[in-house]
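Notes to accompany the following structure.
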Amino acid sequence: MDCIFCRIVAREIPAGIVYQDEYVTAFRDINPEAPVHILVIPNAHLGALHVLQASEESVLGKLCLAAGAIAQQEGISGEGYRLVANFGPDAGQVVPHLHMHLLGGRSFSWPPG
Ligand code: 5GP
Ligand code: ZN
């Protein structure tokens, strides 16, 4: 499958990887929307939440734990951060590999646009 995020996980194309383990990779977004903008993704090519299988449940916890640890590492846990996942065209999803945006380093408005 020609997926840009799968290729980043496999280190076939460069990215600013800040964390990687057996299940999760996190790297800096190429077009950051905040001083800290990191994408936290499963190493396996998973799709949207509504197509996940029960057997894939545990990776969601690993993504959230990694995001929290990276927020600490990046120094944004005190002031606050936002975790966002886009699914489908109305949400503006571009890359079909499940991912969470970890954003911080500035304040964010609510509700989101
Ligand atoms: P989505 O809109 O699908 O939720 O977000 C995809 C994100 O991936 C965008 O913020 C975009 O800037 C980022 N992105 C797309 N291609 C690349 C790439 O090749 N490298 C990196 N580091 N980020 C990418
Ligand atoms: Zn993929």
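Taking segment 45-57 as the range and being more than 13 Å from Ile8 (Cβ to Cβ), open to solvent by less than 90 Å² (accessible area, probe 1.4 Å) and in contact with a Phe, Trp or Tyr (Cβ under 8 Å, 6 or more places away or on another chain) as the test, only Ala48 passes. Just so you know, in segment 26-44 the residues that are surrounded by 14 or more Cβ atoms within 10 Å (Cβ to Cβ) and of a type in the set (A, V, I, L, M, F, W, C) include one that is farthest from the chain's Cα centre (by Cα), and it is Ala34. Scanning segment 10-19 for residues that are surrounded by 14 or more Cβ atoms within 10 Å (Cβ to Cβ) and more than 12 Å from the chain's Cα centre (by Cα) yields one hit, Ala15. Scanning segment 71-94 for residues that are aliphatic (A, V, I, L, M), under 11 Å from the mean Cα position of the chain (by Cα) and not in a strand (DSSP E or B) yields one hit, Ala85. When segment 9-23 is filtered for residues that are within 12 Å of ligand 1 (Cβ to nearest atom) and either touching a helix residue (DSSP H, G or I) at 6+ places or on another chain (Cβ under 6 Å) or in contact (Cβ under 8 Å) with a residue 24 or more places away in the chain (or both), the ones remaining, listed by number, are Val9, Ile13, Ala15, Val18. Counting only residues that are away from ligand 2 (no atom under 14 Å from the Cβ), in contact (Cβ under 8 Å) with a residue 12 or more places away in the chain and part of a loop (DSSP other than H, G, I, E, B), segment 24-51 holds 5 of them.
When Ala44, Ala48 are checked against the criterion of being under 23 Å from Arg7 (Cα atoms), touching a helix residue (DSSP H, G or I) at 6+ places or on another chain (Cβ under 8 Å) and at pLDDT 95 or above, a single residue qualifies: Ala44.
The values are calculated or read from the model by the stated rules, or taken from the named source; none is laboratory data. What you see is a predicted model; the values in this text were computed from it and never measured. So basically every Cβ, Gly included, is an ideal-geometry build from the backbone, and we count neighbours across all protein chains shown. Keep in mind that these areas ignore ligands, DNA and RNA; they rest on the heavy atoms of the full protein, side chains included. Shrake-Rupley method; radii C 1.70, N 1.55, O 1.52, S 1.80 Å.
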